[in-house]
1. Compute the signed sum of charges (Lys and Arg +1, Asp and Glu -1) over the other residues within less than 15 Å, Cβ to Cβ, of Phe31.
2. Which residue fluctuates most in the GNM of the chain (Cα springs below 10 Å): Asp145, Asp131, Asp63?
3. Compute the semi-axes of the equivalent ellipsoid of region 1-63, taking the square root of 5 times each eigenvalue of the Cα gyration tensor, and list them largest first in whole Å.
4. Once neighbouring chains are kept in place and the probe is 1.4 Å, which whole percent of the accessible area of region 1-142 is contributed by carbon and sulfur?
5. Quick one: in region 43-99, what % of C-alpha pairs are over 15 Å apart?
6. Taking the Cα centre of the chain as origin, sum charge times position over the Cβ atoms of Lys and Arg (+1) and Asp and Glu (-1), and report the length of that vector in debye to the nearest 20.
7. Quick one: work out Rg over Rh on the C-alpha atoms of region 76-140, Rh as Kirkwood radius.
8. Along Cα→Cβ, 7 Å out, is where each label goes; now give me the distance between the ones at Lys48 and Arg8 in nm to one decimal.
Amino acid sequence: IDSFRGAREPFRGGDSALAVIDSIESLPQAFASKTEFTEALIGRGMSKPVAQWLAQSVEKEGDHFRFALDLGEMRALIMDYFARDLWPVVENPPGNARVHLVIAEQSDSWSPADRERAAKIAGSNDRVTVDILPGGHWLHVDNPDGLLRVLFRFGEFREP
């Protein structure tokens, strides 16, 4: 979901995952409430919907709240993601695999040339599809209904 397929230098600006990790790491370790955590992120320039989404990973520990995910592990996974070139998989999905690319319309994750490359591949390979959805990189926050429609259409999910 709005994840570029090629190897590249890690993107650290804007609302990138690494920028989010940096923001969380810059905060105190403990908060009086989830609301205080959310407000601290908003104070660092994060949008309210993304801050609220991140607050779902805040847990009560004794008399305080803390972000419960291992930021070091998250950073390692993201760095591994940036190091991998998966265009060969998109161009030639292995076995019976299907590749479905979901690209956010307002995201910086995909350059115009890479969007065109993905569209050309999808146009010539019936096991590759592309959906471009309105919203920024955090589609699950910006356009949850559109993202769910795509998941229901292409996934093993069934609408309730």
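1. -2
2. In this elastic network of the chain, the residue with the biggest mean-square fluctuation among Asp145, Asp131, Asp63 is Asp63.
3. The equivalent ellipsoid of region 1-63 has semi-axes of 25, 11, 11 Å.
4. Percent of accessible area from carbon and sulfur atoms in region 1-142: 52.
5. 71 percent
6. The calculated dipole for the chain is roughly 360 debye.
7. Across region 76-140, the Cα-based Rg/Rh ratio is 0.98.
8. 3.1 nm
The values are calculated or read from the model by the stated rules, or taken from the named source; none is laboratory data. All of these numbers come straight from a predicted model, not from anything done at the bench. Virtual Cβ from ideal backbone geometry, glycine too; neighbours counted across all protein chains shown. These accessible areas exclude ligands, DNA and RNA; they are computed on the full protein's heavy atoms, side chains included. Shrake-Rupley method; radii C 1.70, N 1.55, O 1.52, S 1.80 Å.
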